[in-house]
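The structure appears below as structure tokens.
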Amino acid sequence: MKKITLMFYFILMLFFSIEFFSCRKGNADKYPTNPDWLTEKISQMDTATYYEGTVVYLYKWDNYYYYLISNPLSNCILCDFYDYQGLKYEWSTDKFDDFEKNGKRIKAVWSRPL
């Protein structure tokens, strides 16, 4: 009886583990693929010395996706912030405040080591 109970718990834990990891993979697929303009920009940044240490982040804000190109040599924090279509975002004080409260960094899309 004890072996049956142990086997039951083992199977139950295995099932929950598989379910947990498959759910995480499903969430990763919900994010958009990199747009063509970003793929082209990344190929340019991949060779220029100025972009060493640069990271491209995907953000979600107000139900839209945005990309931040974060360059450690730049003194401007959100200057290279683009919408999904590749248009540079124009900041106002209200928009910046809302972004700080509601913007969510999803993942790093690309990085170039120092």
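No value in this document is a laboratory result; all are computed from the given coordinates. This structure is a prediction, so every number in the text was calculated from the model and none was measured. Neighbour counts are summed over all protein chains in view; Cβ atoms, including those assigned to glycine, are modelled from backbone coordinates with ideal geometry.
Residues in the range 69-102 that are surrounded by 15 or more Cβ atoms within 10 Å (Cβ to Cβ), out of contact with any Leu (no Cβ under 6 Å at 6 or more places or on another chain) and part of a strand (DSSP E or B): ILE69, SER70, TYR82. Scanning the range 36-48 for residues that are in a loop (DSSP other than H, G, I, E, B) and charged (D, E, K, R) yields one hit, ASP46. Check the range 49-68 and report whether any residue there is touching a residue at least 40 places away in the same chain (Cβ under 8 Å), surrounded by fewer than 12 Cβ atoms within 10 Å (Cβ to Cβ) and assigned to a loop (DSSP other than H, G, I, E, B). For the range 49-68, residues touching a residue at least 40 places away in the same chain (Cβ under 8 Å), surrounded by fewer than 12 Cβ atoms within 10 Å (Cβ to Cβ) and assigned to a loop (DSSP other than H, G, I, E, B): present. Residues that are within 17 Å of the chain's Cα centre (by Cα) and surrounded by fewer than 16 Cβ atoms within 10 Å (Cβ to Cβ) within the range 38-48 comprise just one, THR39. Here ASP62 fulfils each of the conditions (1) on the phi < 0 side of the Ramachandran plot; (2) within 18 Å of the chain's Cα centre (by Cα) apart from (1).
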